[in-house]
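Working notes, beginning with the structure itself.
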Amino acid sequence: MINVEQQRGAAQGGVDGGEPDWMAALPAQPKSVAETGLEQQLLVELIAKAVFIAGKSHLAPLSGKLRLPLNVLREVLAFMVAEQLIEVAWRGESDIDVQYQLTAAGRQRGAAYLERCPYAGPAPVTLEAYCAALRRQSWRRPGRPGVGAEQIEAVFGAGRLGAGVLELVGAALQSGRSMLLYGPPGSGKTTLAKKLAGLLQGLVAVPYALVVGQEIIRIHDPLLHLAPAPAQAARVRQALERRGADLRWALCRRAAEHAGAELGADMLDLRHDGVEGCYQAPAHLKANNGMLIIDDLGRQRVEARALLGRFMAPLELGQDQLSLRGGHKFSLPFDVLLVFATNLAPHALLDAAHLRRLGYKIHVGALDEADYRALLRQECGAAGIAYDEAACAHLIGRLHGAGGQALLASYPAELLGRIQDFAAFAGRPPRLCAAALEQAWHSMFADCAGAAPDGARA
């Protein structure tokens, strides 16, 4: 039986410590223009635009900007020299110590290229290469390491999810199917959804950009596609040094995109950016091989049933279809773990057909008293505040009991944060006690009966 550490090892480098899975997913470095899969003219235009913007350009920085290996750059530059579009401005002692500049004809071409399409970033990958990578890296692929109860408890803490929720979350992750988290405000749905991303194991290769026909689509987002964790970074660097990798791809943790009430119908398809001269990928395309969390379902700028309708066919078929300007459509794998969260009643929000198609419906409600106490103790440890059992009893019996407030998972961290705020203002260390809890509680719920008791100000 594989334990938690073995599962983590399998995701990052194999159970036996062999070659990491992500090394097989990361494409090898192309040695020629033909191996990039791109048309030479596209590379000519990218180089001309980059040199037009930067002026005289050394070979190494040009390689870094366009994410092209030196062999490919030299091949294209040789063609451009022969076509009298570019020339050597200076040459040092080594083969790499070369500086290029555009000729008069090259500057004219470069200006025309920029006017037609301002994009001058990393060279894209082909749609075929991107689709192949998505399939290799799929969370749903056969034989991937599973998610066990120990891993879920390590992320959320024992008892944090309440009875039955742990099993539902585990089964949903195991299947790779969509989830609907529903329950009252403050029950911890958003926190739960965001922490689920921590259970997505392994690293994936994400292209900086994708080319479809003559159009370029930006995929990589540095705020979403995070670099390997520091504990992994050294091993990743060593592995990449042993095996040359295609610089057009970034090795990242699996994405966890979060969208809330700001989500509109226009954000569910490609959007052309006239300033950058390329398309910006929609949230679900950026989240491929990862997770997309749609929070506050029912409060978006697009109606909930229309939003679910947009994703139903991709979920069932595993394929999505996107449109470019002019009506050209193309398909690619839809490999996204969809997580919806809502405060509204599911049957009031969605019809039976949509609910049936959603994989797992998970109610996130109030905790029982034992779990609530454990959570408060856990949050005290995280905040560096000494836990006090008598204060906890006062919170549950007096404040929750008298106010009729359910034992929701968001309250302990919120109350402790306010205790810290009041203590910092008073210039004293924070302390969990009845008076401090009273003061924090009244600041949260705006008690209409009057101000906080005198004891809370002591």
**Total charge dipole magnitude, the range 274-385, about the Cα centre, Cβ charges on Lys, Arg, Asp, Glu only, Debye to nearest 20** = 380
**Asked** Helix 70-82 sits at what angle to the longest principal axis of the chain, using alpha carbons and giving 0 to 90 degrees rounded to 10?
**Response** 40
**Fill in**
Taking max minus min of the Cα coordinates of the chain on each principal axis, largest first, gives extents in Å of 85, 54, 50
**Message:** Which one, His328, Phe340, Gly274, is farthest towards the positive end of the dipole of the chain when Lys and Arg carry +1 and Asp and Glu -1 on their Cβ?
**Reply:** His328
**Item:** In sequence order, calculated HN-Hα J values of the range 83-100 (Karplus, 6.51, -1.76, 1.60; Hz; x Gly/Pro)
**Value:** 8, 6, 9, 9, 8, 7, 8, 6, 9, x, 7, 9, 5, 8, 8, 10, 10, 10
**Message:** What does DSSP give for the range 209-335 in terms of the percent of beta bridges that are antiparallel, rounded to the nearest 5?
**Reply:** 65
**Prompt:** Does anyone have the angle between helix 304-317 and the longest principal axis of the chain? Alpha-carbon axes, 0 to 90°, nearest 10?
**Reply:** 60
**Request:** Taking the Cα centre of the chain as origin, sum charge times position over the Cβ atoms of Lys and Arg (+1) and Asp and Glu (-1), and report the length of that vector in debye to the nearest 20.
**Result:** 380
**Message:** Could you tell me the center-to-center distance, by alpha carbons, between the range 59-103 and the range 149-222 in angstrom?
**Reply:** 44
**Complete:** In Å², rounded to a whole number, the accessible area per residue of the chain with probe 1.4 Å is 46
**Message:** Computing the accessible area with a 1.4 Å probe over protein heavy atoms, can you report the carbon and sulfur percentage for the range 309-444?
**Reply:** 53
**Rh by Kirkwood over Cα pairs, then Stokes-Einstein D for the range 281-373 at 0.692 mPa s and 37 °C, µm²/s** = 217
**Message:** Can you give the FRET efficiency to the nearest 0.05 for Cys131 and Glu39, using r as the Cβ-Cβ distance and R₀ = 30 Å?
**Reply:** 0.95
**Prompt:** What is the distance, in nm, between label points placed 7 Å from the Cα along the Cα-to-Cβ direction at Ala154 and at His328?
**Reply:** 4.6
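Quickly estimate the mean residue ellipticity at 222 nm for the chain, helices only: each DSSP H run with n ≥ 4 gives -39500 (n - 2.57), and the total goes over all residues, rounded to 500.
-12500 deg cm²/dmol
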**Asked** When the Kirkwood radius is taken over all Cα pairs of the range 209-305, what Stokes-Einstein diffusion coefficient follows at 20 °C and 1.002 mPa s, in µm²/s?
**Response** 138
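The values are calculated or read from the model by the stated rules, or taken from the named source; none is laboratory data. From a predicted model like this one, the values you see are computed outputs, not experimental measurements. Neighbour counts run over all protein chains shown; Cβ positions are idealised from the backbone, glycine included. Side chains included, ligands, DNA and RNA excluded: accessible areas come from the protein's heavy atoms. Shrake-Rupley method; radii C 1.70, N 1.55, O 1.52, S 1.80 Å.
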